[in-house]
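Data block below; observations after.
Derivation of every value follows stated rules applied to the coordinates shown; laboratory data play no part. The structure displayed is predicted, hence computed values, not measured ones. No Cβ is skipped: glycine too gets one built from the backbone with ideal geometry, and neighbour counts run over all protein chains shown.
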Amino acid sequence: MPVKPEILKVSRTAQSRLFKVEEVELRFSNGAERTYERLANRGRGAVMIIPVTENNEVLLIREYAVGLEDYTLTLPKGLIDPGEDAHQAADRELKEEAGFGSHHLITLKKMSSAPNYMGHMITAVLARDLYPCRLQGDEPEEMEVVAWPLNDLQSLLQDENFTEARAIAAMYMTRDFLAGEIAEMI
């Protein structure tokens, strides 16, 4: 395992309402020094929920993505609030964004998005044993819920509106996890 670089200095270079940009000066074990920029790590992380119904359908949401300037098909997700763990946040976000709660939550994986530029982590949580329950969220409009057959993952991957890499990875993890569950039952 390589030796981690020494952090010489961290300074904030920019800040908006949502983001803080830091400059990080590093010295590597071979003596080379470099300055990197990153989004400062903030908060407790986030959750992405893969809600699967008893009919083996995944509940997706259609929401406006300002980065793409369009509506996108994705999975419910959101920040972990103070005092919550990943499962509590997953259940709350599922209720706010899709109108369902879950009696059975399973952590699949903690993932990073762009580790060279930010330390943000998102936890993929499989939600089963769903029941109708709506909480008021902070979304500006109610999100459309789209039920998609999990056994038709290939069509979902080909859908031009389903492009978020984290959601794609979560769908593969869910498919593989559930396939293992079925194999254990046989």
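So the values come out like this:
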{"item": "From the coordinates shown, Rg and Dmax of the Cα atoms in Å corresponds to which of (i) 15.7, 47; (ii) 19.0, 58; (iii) 16.3, 50", "result": "(ii)"}
{"item": "Counted charge near Leu105, where neighbours are those whose Cβ lies closer than 12 Å (Asp, Glu -1; Lys, Arg +1)", "result": "-2"}
{"item": "Candidates Ile122, Ile106, Ile61: whichever shows maximal mean-square fluctuation once the chain is modelled as a Gaussian network with Cα springs under 10 Å", "result": "Ile106"}
{"item": "Listed residues Ala114, Ala32, Ala127, most fluctuating in the chain (Gaussian network, C-alpha, under 10 Å)", "result": "Ala32"}
{"item": "Helix-derived mean residue ellipticity, 222 nm - over the chain, DSSP H n ≥ 4, -39500 (n - 2.57), to 500", "result": "-6500 deg cm²/dmol"}
{"item": "Cross-link partners of Lys20 among aspartates and glutamates (Cα-Cα below 17 Å; sequence separation of 8 or more within a chain)", "result": "Glu37"}
{"item": "Contour excess over end-to-end distance, with Cα ends at Asn55 and Arg42 and 0.36 nm allotted per residue", "result": "0.9 nm"}
{"item": "Radius 15 Å from Cβ of Leu130, net charge of other residues (Lys, Arg +1; Asp, Glu -1)", "result": "-3"}
{"item": "Degrees separating the helix 165-185 axis from the principal Cα axis of the chain, which is the longest one", "result": "50 degrees"}
{"item": "Most mobile listed residue (Glu160, Glu96, Glu33) in the chain, GNM with C-alpha springs under 10 Å", "result": "Glu33"}
{"item": "Computed Rg/Rh of the range 101-159, alpha carbon atoms with Kirkwood Rh", "result": "1.02"}
{"item": "Around Glu164: net Lys/Arg minus Asp/Glu count, Cβ-Cβ under 13 Å", "result": "-1"}
{"item": "Two-site FRET efficiency, Ala147 against Arg17, from Cβ-Cβ distance with R₀ of 25 Å, rounded to 0.05", "result": "0.10"}
{"item": "Where labels lie 7 Å past Cα in the beta-carbon direction, separation of Gln136 and Glu6 in nm", "result": "5.5 nm"}
